[in-house]
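Working notes for the structure below.
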Amino acid sequence: MAPSQEEMERVQRERAIQDSLRALGITEQPVLPETPEFRDIDERPLLGIFSSTAETDTLITVVETENFRIHFTNLGAGPSQIELLNHRKWSGGNVFLIADTTRSAYNLGFLSTENYNVDTNQLLFRQVTESRNIQLGADETTLLVYELELEDGRTLTFEYTLHGNGYEIGLNILFDGVRDLISGNFFEFGWQSRLRVTERSRSQEAQYSAAYISSGGALSDLQLTSRGRAQDSFTGNIDWVATKTKFFTQIIKPFEETDGAILTAEVIGENDDIRTHYTSTLRKIVPATGVSSFGLYIGPLDFFELREFEASAYNMVDTGFRFMRWFSDPLVRWVILPFFSFFGGFIPNMGIVIILFAVVIKIVLYPLTKKSFESMAAMRELQPEMKAIQEKYKDNPQAQQQATMKLFKKAKVNPLGGCLPNLLQAPVLITLWRYFQNSIEIRQESFLWASDLASPDAIIHLPFNIPFVGDFIAGFVLLMAGSMVIQMKISGAGGAANPQMKIFQYIMPVILFMFFNQFASGLSLYYFIYNTLSIGQQMLINKQIDHVKMMETVDKKKARQMARELKEEEKKTKGSHNKKNSK
């Protein structure tokens, strides 16, 4: 029989009181500092019937697959150290998602009928599985079983299903007779450990660290941007809960209906001394069968790995602003990821894949941008006429504007046409800007001098810090800013007719340089290549424009003069060419 709403609220109130009392006693170490935990096994917590377990020693079992090496402990019956074998930390060595603890990262908590606040990560289980060292091949599966036997013979069992491939772990919790010892049959199961920092910049990693909950297909998160603590509670059925860093995550997915979830956040320090600690916990009722099942994921934020576990979990990856997710999510999932996966399969360098991607985007947008580049080239040809209008009507802005618009109409030029390439490119660029910051696909992929395309490619280190720029200068950002200046010159965006635009052609690249300097070098590489291709496209269009024909619509006399000048120039070119051949 399921407990009533009143009983569940009473259980929550009593558990909160117990948590407060225990906090006042300060019986545990702080969770944030990366220091080992020590615990005298003989000093067992007073938990009534749950105090009387036969085990006295902490035992570690190592499970190794092609993807990770996990240390399981019987203190809490779960993982105490998780090492990812295919991912490296920025400073070298494999990534450790958790370490420096003898206690399980997972905890099952409840209020006993004896009114004790029970947490399984304080209890010693008996390891039923005999092996202490388990190695699994790609297609192998095994069980790792822990059992907590009470003095009256009742048992609480954790049964892990481990696979040789992937990052998913199955967990069944068997409440054999224990269900009757839990007040209201209500329990909480969640992840309590802090995910460790894996990247060079703690402050940037903190920006992407958070706790998440998915309910009814809607994703909610809890994130702190400054020092403090916070907690969010959710009611109803929960699809999954998770905590994540910039590139890695742990996810808990229940296989039965839940009552709600709790997310907590704690941040201490600031800048590169910042430390974050997020937890995610599910609230459930012990099923009548006495078995509660979960799917666990511990690994990278990899789209193809997560798709096998829970496709919606990839929503945690930042692909763009909320108002742009309708565009950025499909672009990432159905264009960028398949492109990078396919070409990355036989092109050994992700930098080359990014260059190829920029070429493909330029080709796709070419039909749309051609007209705009032609408009920019035409605007450049009209700059002498525009300057003459400015001189003629310098004391009458209204007449100046009317004369300028008349000129555009005669020449069949759209003055706003040159904005279209940037507008078309903007959604793609914004998506790549957000996505490349936390894309596992380009993490620690090197290209030329950039050692990690998901991080800035610092080539000059400064002895001081510049606001917004930092204490370094990135290489690809310099190339990107330089290509922007050249592109604006060629397109005529900084023509002589408008001195303000002359200034703009230098200010805009400087602003973007300051903005991009601390972003992923892969993004700057993409933008540099795209700009370089745009320069070539603009130069080609400039050569193809019939300058005489366009001028005929504005000034026929000047068009005839221009035609004569062009013929004379062609004669001179032919003459010099013939002289060279005769020699």
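The values are calculated or read from the model by the stated rules, or taken from the named source; none is laboratory data. For clarity, every value in this text was computed on a predicted model and none was experimentally measured. Quick reminder, even Gly has a Cβ in these numbers, built from the backbone with ideal geometry, and neighbours come from all protein chains shown. We work out accessible area using only protein heavy atoms, side chains counted, and drop any ligands, DNA or RNA first. Shrake-Rupley method; radii C 1.70, N 1.55, O 1.52, S 1.80 Å.
Each label was represented as a point 7 Å from its Cα along the Cα-to-Cβ direction; for V128 and R322 these points are 4.6 nm apart. Ranked by solvent-accessible area (1.4 Å probe, protein heavy atoms only, all chains present), the residues Y393, Y527 order from largest to smallest as Y393, Y527.
Subtracting the Cα-Cα distance of A288 and T113 from their residue separation scaled by 0.36 nm leaves 61.2 nm. Think of each Lys and Arg Cβ as +1 and each Asp and Glu Cβ as -1; about the Cα centre, that makes the dipole of segment 289-348 roughly 180 debye. The heavy atoms of D452 offer some 20 square angstrom of accessible surface to a 1.4 angstrom probe. Accessible surface for F343 stands near 50 Å², nearest 10, in the context of the full protein assembly shown (1.4 Å probe). Can you tell me the FRET efficiency between A311 and F464 if r is taken as the Cβ-Cβ distance and R0 is 56 Å, rounded to the nearest 0.05? Approximately 0.75, to the nearest 0.05. Pairs exceeding a 21 Å alpha-carbon distance, out of K89/K246; K409/K543; K394/K489; K387/K409: K409/K543; K394/K489.
Of the residues F340, T279, Y393, the one whose Cα sits farthest towards the positive end of the charge dipole of segment 251-405 is Y393 (charges of +1 on Lys and Arg Cβ, -1 on Asp and Glu Cβ, taken about the Cα centre).
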